[in-house]
Amino acid sequence: MLREGVVATYRWKSFIQFLCEVYQTPARNRQALADELLASPGGFPWVERNKATFVFDSPSAQNVALNIDIVNRDPPFETMIRLDDTNLWYYQRHFERDALVDYMFAVDDPGTPLAQELDLMQRVGRHWQADPLNAQSIQAQSVDTSILQMPRARPVPSWRSMPGVPRGRIYRHRFSSTQLHFSQRSLWVYTPPDYDAAEVKSYRLLILLDGQWAMNALEVPYIVDALIKHGRMQPIIIAMLASGSQSERLDEYIGNEKHYAMLAAELLPFLQAEHRIQPLNLGLGGVGEGAVAAAHAALKNPAIFGHLIMISPPLGSRMAVHLLKEVAERFRDLPILPNRIFHSVGRYEHDMRYVQPALALRGILERRMLHDPDLAYRFVELGSGHSLAAFKSVMPEALAHAFPPES
């Protein structure tokens, strides 16, 4: 994709025109054309209206696949084509104009199902890589993932690089829970830029689950700094609690009453002892299964948790389906809900697990708004799959809706 301030320039009007010239050129001269294409200013993928062309350069690869997050099969690969008599591999696909998707190249990957992989991270490190021709990327767990950003996609800037923004402070704690039997997990607490100057003022609190994502890939503290500066949200304190391993995360987040007990009886008292937090009208938020856990806790006590952020909650089929279905029913039937709810889903996420349940919940909450003037619900459909780039792109809107500026 394009670097900021750089305009893509190719000698060819389209990638098809490039292919035509290659196949009209003697085999011995084709690599020179491929090298010229790869050196074109602006980088790749090459976007032509609603079509994107991905290219990869390798003289030794036996097979290359595009690992792209909107492919709903295992593994989520699209086979790339090697251009005859060159080192160039390519793949073309049409996207909607607002598409924002993560991708990597899988080089000489065995192509076996990821669900059966015993050591996925070893396989990722050995065979998968980001696009060296694309400056747009996002990092999670020491793995870089490239981003395709179609012309009308939401921006995914580097919030930490923005100049002239007053910065809040990050406190790092170690937190243990007897309810969930974990110890010494990282807990990051963000305080807004005016926190130290206003020594008697207390602030509303937002608890974000999967704190390691919020702190790093999603850049939440830097987003909040910019929103506060531009008057888009009120200054708040944000507690970002790290999750455990993937299996621990699922056990804790889905249908676990002890998770709510941990939040209410352990984490909140700890935070109130360490920081100046208002006792009521707090917020909870999460991504994926973390959004389900946030919703479960907020619905148990909406009088305290009045702000809720749900980004891509899996409320449909597969794991713990009866528990996930129950969450949606509680939104319909409970007499009191959190009064500010943000909810998003990616158009390319799994249809029955994410998209259809999200649309059903949207209908429930929009009908409730007709009879409840205090309920402020916002729903956003992203042109994306289940990816950190998508979560990062919608986070500013989620935060601004959940905690708007005080009048």
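Some values worked out for this structure:
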{"quantity": "Residues of the stretch 188-207 satisfying the condition of being closer than 21 Å to G286 by Cβ and open to solvent by 10 Å² or more (accessible area, probe 1.4 Å)", "calculated": "W188, R204"}
{"quantity": "Total residues in the stretch 383-392, condition under 28 Å from P302 (Cα atoms) and open to solvent by less than 10 Å² (accessible area, probe 1.4 Å)", "calculated": "2"}
{"quantity": "Search result, residues across the stretch 96-114 that are surrounded by fewer than 21 Cβ atoms within 10 Å (Cβ to Cβ) and under 21 Å from the mean Cα position of the chain (by Cα)", "calculated": "E96, R97, D98, L114"}
{"quantity": "Residue ID - nearest to A135 (Cα to Cα), chosen from residues in the stretch 153-174 that are hydrophobic (A, V, I, L, M, F, W, C) and open to solvent by 50 Å² or more (accessible area, probe 1.4 Å)", "calculated": "M162"}
{"quantity": "Residue satisfying all of: in the stretch 31-46; surrounded by fewer than 19 Cβ atoms within 10 Å (Cβ to Cβ) and either in contact with a Cys (Cβ under 7 Å, 6 or more places away or on another chain) or on the phi < 0 side of the Ramachandran plot (or both); modelled with the lowest pLDDT among these", "calculated": "P41"}
{"quantity": "Any strands (runs of 3 or more DSSP E) falling wholly within the stretch 231-343 and containing at least 1 residues that are open to solvent by less than 30 Å² (accessible area, probe 1.4 Å) and either under 26 Å from M369 (Cα atoms) or modelled with pLDDT under 95 (or both)", "calculated": "282-287, 305-311"}
{"quantity": "Residue within the stretch 125-133 that is out of contact with any Gly (no Cβ under 7 Å at 6 or more places or on another chain), open to solvent by less than 40 Å² (accessible area, probe 1.4 Å), over 30 Å from I277 (Cβ atoms) and in a strand (DSSP E or B) present", "calculated": "yes"}
{"quantity": "Filter result (in a helix (DSSP H, G or I), under 16 Å from Q92 (Cα atoms) and open to solvent by 50 Å² or more (accessible area, probe 1.4 Å)) within the stretch 10-30", "calculated": "I16, Q17, C20"}
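The values are calculated or read from the model by the stated rules, or taken from the named source; none is laboratory data. From a predicted model like this one, the values you see are computed outputs, not experimental measurements. Cβ atoms come from the backbone with ideal geometry, glycine included; neighbour counts cover every protein chain shown. Accessible surface is based on the protein model in full, side chains and every heavy atom, while ligands, DNA and RNA are left aside. Shrake-Rupley method; radii C 1.70, N 1.55, O 1.52, S 1.80 Å.
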